[in-house]
Amino acid sequence: MAPTRVMKNFETTKLAKAQRPKHRKGRPSKRNVVVKEVVAEVAGLLPYEKRLLDMLSGTGDGADKRMYKYAKQRLGTHKRAVAKREAIKDVHAKMKARQAMGN
């Protein structure tokens, strides 16, 4: 016969578990984020990123697709290409906003 629980109705509270290291893997630390920002600010864009920026500013309707295809060719995966395209769009928007503030 299987053992039975003696205190079936006893109220318990769940303890909060600490986050396991495997759930933090891949998340950038604060220090790495700052270092990447500084390096990007000092060094500027890579040559292929400049070309993506030119594609965005030069062409009209088909820019997104062309940027994606070029980024995918350079970076290798769909996810990285889409992320890079969005990052370059953000850079372009910031440049436009800075120009508008200057004029």
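Read-outs: derived from the displayed coordinates by stated rules, not from any lab. Fair warning: this is a prediction, and the values are worked out from it, not measured in the lab. Methodologically, a virtual Cβ is constructed for each residue, glycine included, from the backbone with ideal geometry; neighbour enumeration extends over all protein chains shown.
Would you list the membrane-span-like helices of the chain, meaning whole DSSP H runs whose alpha-carbon atoms span at least 24 Å along their axis and whose mean Kyte-Doolittle value is at least -1.0?
Long hydrophobic helices here: 78-102.
Of LYS89, LYS69, LYS25, which is the most mobile in a GNM of the chain whose springs link Cα atoms less than 10 angstrom apart?
Comparing LYS89, LYS69, LYS25 in the GNM, the peak value goes to LYS25.
Between ILE88, LEU15, TYR48, whose Cα lies farthest towards the positive end of the dipole of the chain when Lys and Arg beta carbons carry +1 and Asp and Glu beta carbons carry -1, centred on the Cα centre?
In the chain, that residue is LEU15.
Quick check on the chain: helices-only [θ] at 222 nm, where DSSP H runs of length 4 and up contribute -39,500 (n - 2.57) each and the sum goes over total residues. Nearest 500, please.
-21000 deg cm²/dmol
Can you list the lysines whose alpha carbon sits under 19 Å from that of LYS22, skipping same-chain ones fewer than 8 residues off?
Once the sequence-local lysines are set aside, what remains near LYS22 is LYS30.
Once Rg and Dmax of the Cα atoms in Å is worked out from the coordinates, which option in (1) 16.4, 61; (2) 24.6, 85; (3) 19.2, 69 does it equal?
Correct label, based on the coordinates given: (2).
Going by how many other beta carbons lie within 10 Å of each one, how would you line up ARG98, ARG51, ARG80, fewest first?
Going from sparsest to densest Cβ surroundings: ARG98, ARG80, ARG51.
When we measure straight from the Cα of LYS65, which lysines land under 22 angstrom away, once same-chain ones fewer than 8 places off are left out?
Correct list for LYS65: LYS50, LYS79, LYS84, LYS89, LYS94, LYS96.
Find the centroid of the Cα atoms in the range 1-53 and in the range 84-101, then give the distance between the two in whole Å.
Cα centroid of the range 1-53 versus Cα centroid of the range 84-101: 28 Å apart.
Which of LEU53, LEU46 has the fewest other C-beta atoms within 10 Å, and how do the rest follow up to the most?
LEU46, LEU53
Mind putting a number on the dipole of the range 1-102 about its Cα centre? Charges go on the C-beta only, +1 for Lys and Arg and -1 for Asp and Glu, and I need it in Debye to the nearest 20.
Charge dipole of the range 1-102: 600 debye, to the nearest 20.
How would THR77, THR13 line up from fewest to most surrounding beta-carbon atoms within 10 angstrom?
Starting with the residue having the fewest Cβ neighbours, the order is THR13, THR77.
Compute a Gaussian network model of the chain, connecting alpha carbons closer than 10 Å, and tell me which residue from GLY62, GLY76, GLY26 fluctuates the most.
GLY26
Want the number for ALA43 to GLN73: 0.36 nm per residue separation, take away the alpha-carbon distance, what's left?
8.5 nm
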